[in-house]
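Beneath this line is the structure, given in structure tokens, with notes to follow.
Quick note: the coordinates plus some simple rules give every number you see, no bench work behind them. Keep in mind that what you see is a predicted model, and the values were worked out from it rather than measured. In this analysis, Cβ positions are derived from the backbone assuming ideal geometry, glycine residues included, and neighbour counts consider all displayed protein chains.
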Amino acid sequence: MAKTYFFKIALWLLLSIPFFTTHRTAIAEPSYGDKVSYSEFKILIQDGMLEEVTLYPTTVRGILKSEEGLKGKKSVTTVRVEDPDLIKDLMAHKINFSAAANNGWSQGLSLIWFVPMIVFLIMMMRARRGMPGAGLMSIGKSRANLYVDKDTGVSFNDVAGVDEAKEELKEIIDYLKTPEKYQRLGGKIPKGVLLVGPTGTGKTLLAKAVAGEAKVPFFSMSGSGFVEMFVGVGAARVRDLFAQAQEKAPCIIFIDEIDALGKARAASPVSGGHEERENTLNQLLVEMDGFDTRKGVILMAATNRPEILDTALLRPGRFDRHILVDRPDIKGREDILRVHCKNVKLSKEVDIKIIAARTPGFVGADLANVVNEAALLAARVGKESVEMSSFEEAINRVIAGLEKKKKVMSKKEQEIIAYHESGHALVAESVPGADKVHRISIIPRGISALGYTLQLPTEDRYLLTRSELLDRLAVLLGGRVAEELIFKEVSTGAQNDLERVTDIAMSMVREYGMSEKIGPMTFHNGRKPQFVELGYRAGRELSEEVSKEIDQEIRKIIFDAHVRVRGILETNKNRLEILAKLLLKKEVIEGSELREIMSKNLPL
Ligand code: ADP
Ligand code: ZN
């Protein structure tokens, strides 16, 4: 309670400062009309109930349209909240508005005073929380919506392609169903389960399915909703959430995008929103430590950026169980497609396996999108059932949507990548032993690959000859050499290529005995890292002389390959230019277009 008084006093002090610092003390703010909350006021605007609005420095007054006079009220006033959308809303609803500025008052009451005042107001309201109709609170509430689902209606059958995650979550379901059984044996159940994986892989769906399978209520909240909130509201919401959940136990609390509020504290710059997030995070930690799993509350959270989470969240007794929900593989994609096709009338010729094969990299949400889009497309043209052609088109549309979300790259970077990828592609088409180029793209996907040149193997290969390996080396070096040739300088973009080049050359010498000088011997048992010790010993047994020779041979293979690639690209420099420029224009080039360019007779 003392806190409340403190806030009140601070607020009145703040409010009175402008009076002392300015000459004019008269206030022209209206004190008549019915007071409504700001959110109610916005609803009046949206419902077109207002005729005219006057903006005062701290209040807003609206005159109601006469025929709609709200329960006989003629005008309403509300406390003015900093709301950049207000003017837009007023314009959109064609409401006449004017601002009433009165010199001294408005000077003293510039933003410097306005913002802290609102903050204090909110704090006060918060202190008096529990009072019905505390107008400003409802703004806070609407931002971080709390959803409660008595029965999510989602079962494990609705989630596909994530079998391992499901397996791990079975224990939790079991526990929620019969907490007594576990308690009797003194078993320890994790408090917090963190689902980690890219967006759209079904983390929320999985959490809902756990609740659905266990038939317990599902409380959910989004971490990002907290960040935009006013000071103190986030922490209060967390308290509410846990209090409500404990009443309804057994149940699940799910926090989506927990990274938004659980960002490592030191890593963020000291600026707006920062403090509020910290308060909210601290409250979450307090609540997590305070609640007892024995009551049957399980906390689940989802993130696609586990690396930025505050370590405090990951400590034992908090989110100490991590479950990976990764992008589905081809079989997983097939299963997910089947789930979403369940209620779709498919034409006989539709082969879900083919759709799965055509959608590498797609997550569950993308696949759900494909099915939905295909059904819509088929319906639009009046088809009886959804045919393969609709799926093809839907896939292209979803891909186009995904490509739009690309990272912004500078012009120069794009240019480098275009030449780099063109280099790979040209070499691949010029050497006999490389797989044919299927597509070249400079559209970034994922974090590591900036562009890509997709080569499809024409047949499955188990054995590779020496010259085929050399051809592969050449293709890998193509990107780097193209950069050298055009920009007289190289970028970091070839790092992954060079790693693979080194790997291949090393294997050729040490494993496959493909170096004439060293001869048909192996020096490397090729075991996985757990046998590092053995490898180490084997390495030590090599005489210094042999090690040196091996090194030299590896270098020579790479050096020769480099000279060869340079030759290829120099004779094809024209084509390289044409290809890179086309790529910059179109971003994607199909293999057939590339081969057309290759077949043209170009002057040197
Ligand atoms: P996340 O929480 O990981 O971002 P969601 O659970 O919100 O992903 O997934 C969004 C939608 O995509 C789901 O409602 C569902 O329709 C579909 N979806 C995603 N993953 C799967 C999956 N593994 N199995 C079936 N549907 C999925
Ligand atoms: Zn490359």
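Residue separation times 0.36 nm, minus the C-alpha to C-alpha distance between Gln244 and Lys488: what's the value?
Result: 81.3 nm gained on full extension.
Run the numbers for Ser467 and Asp292: contour at 0.36 nm per residue of separation, minus the present Cα-Cα distance, in nm.
56.5 nm
Once you have the Cα-Cα distance between Ala312 and Glu275, take 0.36 nm times their residue separation minus that, and quote the gain in nm to one decimal.
So the extension gain works out to 11.7 nm.
Do the alpha carbons of any pairs in Lys88/Lys263; Lys181/Lys208; Lys166/Lys348; Lys208/Lys331; Lys181/Lys215; Lys150/Lys331 sit beyond 21 Å of each other, and which pairs?
Exceeds cut-off: Lys88/Lys263; Lys181/Lys208; Lys166/Lys348; Lys208/Lys331; Lys150/Lys331.
Excluding Ser430 itself, what net charge comes from residues whose Cβ is under 11 Å from its Cβ, given Lys and Arg +1 and Asp and Glu -1?
0
Amide H of Lys263 versus every other amide H placed in the peptide plane: which residues, excluding those fewer than 5 positions away on the same chain, fall under 5 Å?
Residues meeting the amide H criterion: Asp310.
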